[in-house]
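In what follows, a single structure is set out as structure tokens and then discussed.
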Amino acid sequence: MNAPNTALRAVRTGMRMSQDDFARALQAAGHRVGEPNDANKRLVQRWESGTITAPRPVYARALEVVTGLPISLLGFAAVPGEQIADDQHGGHDLTSPMSNLATPTQASRQSTVHRSYEDVWLSRYQYYSSGRGDSFAGQHFVVVLQHGDRLTARSLPGSATSSLSLDLTVDGAVVTGTWVEQTDSAGYYRGARYHGAIQLLAEPTGRRMAGKWVGFGKDMEVNTGPWELIFRDASTSKATLDRYNTSAE
């Protein structure tokens, strides 16, 4: 008899999701990345009970997108070569003080989608607060997971008081996608949820991406500002994530 998957259950409950909610999130993630799946409450129960010890690849990828964690940290058995068991039948425009990058054409010739970005990164952006009349910086340590040309990044919960997620697509050295930030309920923005678009250029070294974000502000104006991701660690093991699960200040 297999032991219950307490790691997956802990992650799900930590996200404050019921098994139904979790299954719906997996379905939504599958549609978002172009790999629809049939996740349901019964499947989540079978994973958590240990009846199924490893998900099929389509579910493994959806699990990583939803949780922001590598499948190896979700309590499943390691299966070589992914031979996985079957699961079921006016605004403000801030200019960047960051260093200059190569032009898109030059950068594209120096980098390809085949590079792996699956690492721990420091995410750093700047924004203007109209209510406070000043510019501020937001920082998070994020775990980046990669499936083909798609990247998902999720902030480590202890690295900032807000939570951040990025869903990106890589085309050569050009990285484009969307961002969502849930602010601290006790902070200045009182738990407001902000979202927008982002485009970055990856440096040839593969250790930095920089560009700009666009999104709406507190007073519903459209703003832009600089954003960069800086490589920190190639490992996504639990010990590594624990080390970065602290303030990014």
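The values are calculated or read from the model by the stated rules, or taken from the named source; none is laboratory data. Being a predicted model, the structure only gives us computed values, none of them experimental. Cβ placement follows ideal geometry from the backbone for every residue including glycine, while neighbour counts extend to all protein chains displayed. All accessible areas refer to the heavy atoms of the entire protein, side chains included, with ligands and DNA or RNA removed. Shrake-Rupley method; radii C 1.70, N 1.55, O 1.52, S 1.80 Å.
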Please enumerate the residues belonging to the range 1-16 that are charged (D, E, K, R) and either surrounded by 14 or more Cβ atoms within 10 Å (Cβ to Cβ) or not in a loop (DSSP other than H, G, I, E, B) (or both).
Arg9, Arg12
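Could you check the range 49-73 and list, in sequence order, the residues that are outside any helix (DSSP H, G or I) and within 18 Å of the chain's Cα centre (by Cα)? Before you say what the answer is, go through the steps one by one.
Initially, the range 49-73 is screened for residues outside any helix (DSSP H, G or I), giving 50-56, 68-70.
Gly68, Leu69, Pro70, listed by residue number.
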For residues that are open to solvent by less than 30 Å² (accessible area, probe 1.4 Å) and of a type in the set (S, T, N, Q), scanning just the range 147-188, find the one that is nearest to Val33 (Cα to Cα).
Thr152
Residue that is modelled with the lowest pLDDT, among those in the range 121-137 that are part of a strand (DSSP E or B), small (Gly, Ala, Ser) and surrounded by fewer than 19 Cβ atoms within 10 Å (Cβ to Cβ)
Ser129
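Report those strands (runs of 3 or more DSSP E) wholly inside the range 190-249 carrying at least 3 residues which are more than 17 Å from the chain's Cα centre (by Cα). If you could, list the steps in order and put the result at the bottom.
Details: elements: 193-202, 208-216, 222-233.
It comes to 208-216, 222-233.
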Restricting to the range 49-87, name every residue that is at pLDDT below 85 and touching a Lys or Arg at 6+ places or on another chain (Cβ under 6 Å).
Gly68, Ile84, Asp87
What number of residues within the range 9-45 satisfy the criterion of being of a type outside the set (Lys, Arg) and at positive phi?
1
Take Asp20 and tell me if it is surrounded by fewer than 15 Cβ atoms within 10 Å (Cβ to Cβ) and either aromatic (Phe, Trp, Tyr) or in a loop (DSSP other than H, G, I, E, B) (or both).
no
